[in-house]
Amino acid sequence: MNIAFALPPLLVDPGSSEGQRARECIRKCALEVGRAKMRPQGVVFGIDDAFHPRASKTANAIALRALLDCLINLDVIILRAYPNTPKLYESGVFYKLMPSEAPWDTTPIMFRRGFTDCKSLVAARIAELIIAGKVAMPVFRNIKDGWGTMFHILILHGNGQWECPSSILGMHAAQEVPYYSMA
């Protein structure tokens, strides 16, 4: 399976310090999930051991966590380069379930489009929290149905509180309401 991340020009520029940090983050993720290829507008991760019908929950969890950590770290790089970036909840972005083949959005791409799904919302919010010196981590649950496995991403704060940016930003479909557990 291929998973693409949509990146702003800053992160694909190998001559910028941000681009170099982004490439290091991407290299680290690629070592955990399989491989990565840089493209003019992002990166594509090739993942062979996860996200297919025979993949184990463990393989899916390892790959998903590596991808989420990478997206969070890329958003941290962006927020440090552009400290005046609007906060997620003040940006006007709203939740919308994206097709599985849609690229994962870094903050500038998400803001430009105006909507995205849970993984990009959580990454953007955790990046904000990291910049603010707070502790938070992505946590996910999954549901298997006749169509495959659906994942939902939430935030677990260092104080044990849960946050669901998707719900805050418009997710109301009953099948997507999160069940708060460490799946």
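Here N60 meets each of (1) farther than 21 Å from I130 by Cβ; (2) under 17 Å from the mean Cα position of the chain (by Cα); (3) surrounded by fewer than 16 Cβ atoms within 10 Å (Cβ to Cβ) with one exception, condition (3). Only a single item in (1) within 22 Å of F115 (Cα to Cα); (2) without any contact (Cβ under 8 Å) to a residue 12 or more places away in the chain; (3) assigned to a strand (DSSP E or B) is not met by K37, and it is number (1).
Residues of segment 55-102 being out of contact with any Asp or Glu (no Cβ under 9 Å at 6 or more places or on another chain), at pLDDT below 95 and more than 16 Å from V33 (Cα to Cα), which ones? Those that are out of contact with any Asp or Glu (no Cβ under 9 Å at 6 or more places or on another chain), at pLDDT below 95 and more than 16 Å from V33 (Cα to Cα): P99, S100, E101.
Can you find, within segment 125-183, the residue that is modelled with the lowest pLDDT among those that are of a type outside the set (V, I, T), farther than 22 Å from A66 by Cα and assigned to a helix (DSSP H, G or I)? Applying the filter and picking the extreme gives Q175. Quick one: in segment 29-40, of everything that is in contact with a helix residue (DSSP H, G or I) (Cβ under 7 Å, 6 or more places away or on another chain) and of a type outside the set (D, E), which residue is surrounded by the most Cβ atoms within 10 Å (Cβ to Cβ)? Ranking the qualifying residues of segment 29-40, first place goes to V33.
Among all positions in segment 78-87, there is at least one residue which is surrounded by 16 or more Cβ atoms within 10 Å (Cβ to Cβ), in a loop (DSSP other than H, G, I, E, B), over 11 Å from the mean Cα position of the chain (by Cα) and not aromatic (F, W, Y). Entry remark, segment 5-28: residues being in contact (Cβ under 8 Å) with a residue 12 or more places away in the chain and either in a helix (DSSP H, G or I) or surrounded by fewer than 17 Cβ atoms within 10 Å (Cβ to Cβ) (or both) number 10 in total.
Of all residues in segment 42-65, those that are touching a Lys or Arg at 6+ places or on another chain (Cβ under 8 Å) and either in contact (Cβ under 8 Å) with a residue 60 or more places away in the chain or under 22 Å from L121 (Cβ atoms) (or both) total 3.
The values are calculated or read from the model by the stated rules, or taken from the named source; none is laboratory data. Since this is a predicted model, take the numbers as computed values, not measurements. So basically every Cβ, Gly included, is an ideal-geometry build from the backbone, and we count neighbours across all protein chains shown.
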